[in-house]
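Single-structure report; data block below.
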Amino acid sequence: MTTELEQQLVDQLRRAAETTAPGSLKPLIEEARRRGSRIRARRLGLQIISGCGVAAAVAGLVVVGLHMNSVEHHGPTPADPASPLPTSAHPAPGGPACSAGNLTITAIGPESMMTEESAVLYRVSNHGKRTCVLHGRPAATFFDRTGRQVQLRLANTSPFMSAEAASGLGEPIRLGQGTSVFLLIAKNSCVLKEATRIDHVTLELPNHGGILTAPTTFQQRRFFSCASNSDPGQQYAISAFSPSRDFLPTGR
Amino acid sequence: MDLRGDADEDFEELVTARWEAWSKLAMLLCGNRADAEDCVQSLLTALYARWPRVRKVEHLDAYARKMLTNLAISGRRRRAMGVTKTALAARGAPVIGSEREIEERLELWQRVRALPPRQRAVIVLRYYEDLSVDQTAAALGCSSGTVKSQTADALRKLGKAMAAEPGAGPQTARSPKGTVNHDHGA
């Protein structure tokens, strides 16, 4: 049943909309072309940088593999793309690596930097008694609320995350008692149909530091997996740990 | 990094066809002309930046509406698109005197403008765009339950404000009790 108030709403919204007197369309389109082209160029640049990084990593793996074969050892098992490894598997420089038992993780904000991308910003705090070191980024695995794993694709670029952060690289961070670092998980929105609501994420810390579990929702910002695996919305990016909460590329 | 030939023409064709509707929706979502222009410009920029992919989307209008709604709610997204009110100031949104008077006479619309952005978006999508609860939830990226509760809250506020307003129309002087809790479902 439609009430009088609702009818009045419909009527007044229509009349208010009719008062809009749009200006000229041409300058809007020209402006969109100018700004849109700049964004496309920047994104392409990031993809090239990322591509070079991947090529270098592949070349490195090939060299390591050849070396391992020559001394009759088994080579490393290729990483399962659905279960990415944390970056920085080397011993943390500058002190003991942080372990999950000494860390707490809290979602502190929805970061909606882009129409097609939503993100959750996390604060990771050291409540242990010792200073420890975090380096690189954790490996994320996503789950729905029944605890079933949800497969997403890790992308090493994000138009609205700096190239260094999105690639998972970063300087080692010494985390004193009671101090915090930040982490950003950004996911593209589904272009077509959303499928499963993602409930939480487990984060495997670098240097065998254990696993942190965190929610993937903040207020009304939520992640969904997409109905089609080829949907660009299946991609997510996860930053390296950062002392700053500002992950946007310089100049944005 | 301009788009080539067909793609660019497709973009211009879509924008020409939908621009007026988007401008009206943006005006309602944002509550004022300056922000509405800001939103439409950001929408066009975002569409252009992703056009090779976006043009293949089946329900492009729903997709654009979702983008526009999100842009209207979040000022940061507009800034991410490099569009600011300052940048738009030079273009100058035309405000026609008689239009302003008409706007001022629409008391309920003035109340809608005063709602928080998400509640205003829910009201506009439900009552102007005539979307179902589920469609509204999809456009806002939230659950159907949230849409229902936001609608109920907004209607309650509007009803209360209109009832308290001296000189409000007789139809709004009474309590909208019973109007706020029913399901606006599809």
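The values are calculated or read from the model by the stated rules, or taken from the named source; none is laboratory data. The structure presented is a predicted model; accordingly, all values stated were derived computationally and were not measured. With ideal geometry, Cβ positions are generated from the backbone for all residues, glycine too; neighbour counts draw on all protein chains shown.
Observations on the model:
- Set side by side, the residues A:GLY101, A:GLY147, A:GLY128 differ, and just one is modelled with pLDDT of 75 or more and within 21 Å of the chain's Cα centre (by Cα), which is A:GLY147.
- Which listed residue, of B:ALA154, B:ALA64, is under 18 Å from the mean Cα position of the chain (by Cα), surrounded by 15 or more Cβ atoms within 10 Å (Cβ to Cβ), more than 16 Å from B:ALA36 (Cα to Cα) and at pLDDT 85 or above: B:ALA154
- Selection status of A:GLY170, crowded, with 17+ Cβ neighbours inside 10 Å and either more than 15 Å from the chain's Cα centre (by Cα) or over 30 Å from B:ALA64 (Cβ atoms) (or both): yes
- Test: residue in segment A:236-248 that is touching a residue at least 40 places away in the same chain (Cβ under 8 Å), more than 12 Å from the chain's Cα centre (by Cα) and in a strand (DSSP E or B): yes
- Reported count of residues in segment B:24-56, each being within 7 Å of chain A (Cβ to nearest Cβ), under 10 Å from the mean Cα position of the chain (by Cα) and surrounded by fewer than 24 Cβ atoms within 10 Å (Cβ to Cβ), is 1.
- With respect to (1) within 17 Å of the chain's Cα centre (by Cα); (2) modelled with pLDDT of 90 or more; (3) more than 30 Å from B:LYS56 (Cα to Cα), the lone exception for A:ALA165 is condition (2).
- B:SER98 farther than 14 Å from B:ILE73 by Cα, over 12 Å from the mean Cα position of the chain (by Cα), polar (S, T, N, Q) and modelled with pLDDT of 85 or more: no
- Residue within segment A:146-169 that is hydrophobic (A, V, I, L, M, F, W, C) and more than 30 Å from B:ALA46 (Cβ to Cβ) present: no
- Once segment A:201-217 is narrowed to residues that are surrounded by fewer than 18 Cβ atoms within 10 Å (Cβ to Cβ) and within 15 Å of the chain's Cα centre (by Cα), the residue that is modelled with the lowest pLDDT is A:THR217.
- The single condition among (1) at pLDDT 90 or above; (2) within 8 Å of chain A (Cβ to nearest Cβ); (3) in contact with an Asp or Glu (Cβ under 8 Å, 6 or more places away or on another chain); (4) under 16 Å from B:GLY31 (Cβ atoms) that B:VAL112 does not meet is (3).
- From the list B:ALA72, B:ALA49, the lone residue that is at pLDDT 85 or above and closer than 24 Å to B:LEU131 by Cα is B:ALA72.
- Within segment A:182-198, the set of residues being within 14 Å of chain B (Cβ to nearest Cβ) and out of contact with any Gly (no Cβ under 9 Å at 6 or more places or on another chain) comprises A:LEU184, A:ALA186, A:LYS193, A:ALA195, A:THR196, A:ARG197, A:ILE198.
- Answer residue from segment B:126-147, given it is within 19 Å of A:CYS190 (Cβ to Cβ) and within 11 Å of chain A (Cβ to nearest Cβ) and is nearest to the chain's Cα centre (by Cα) among those: B:LEU140
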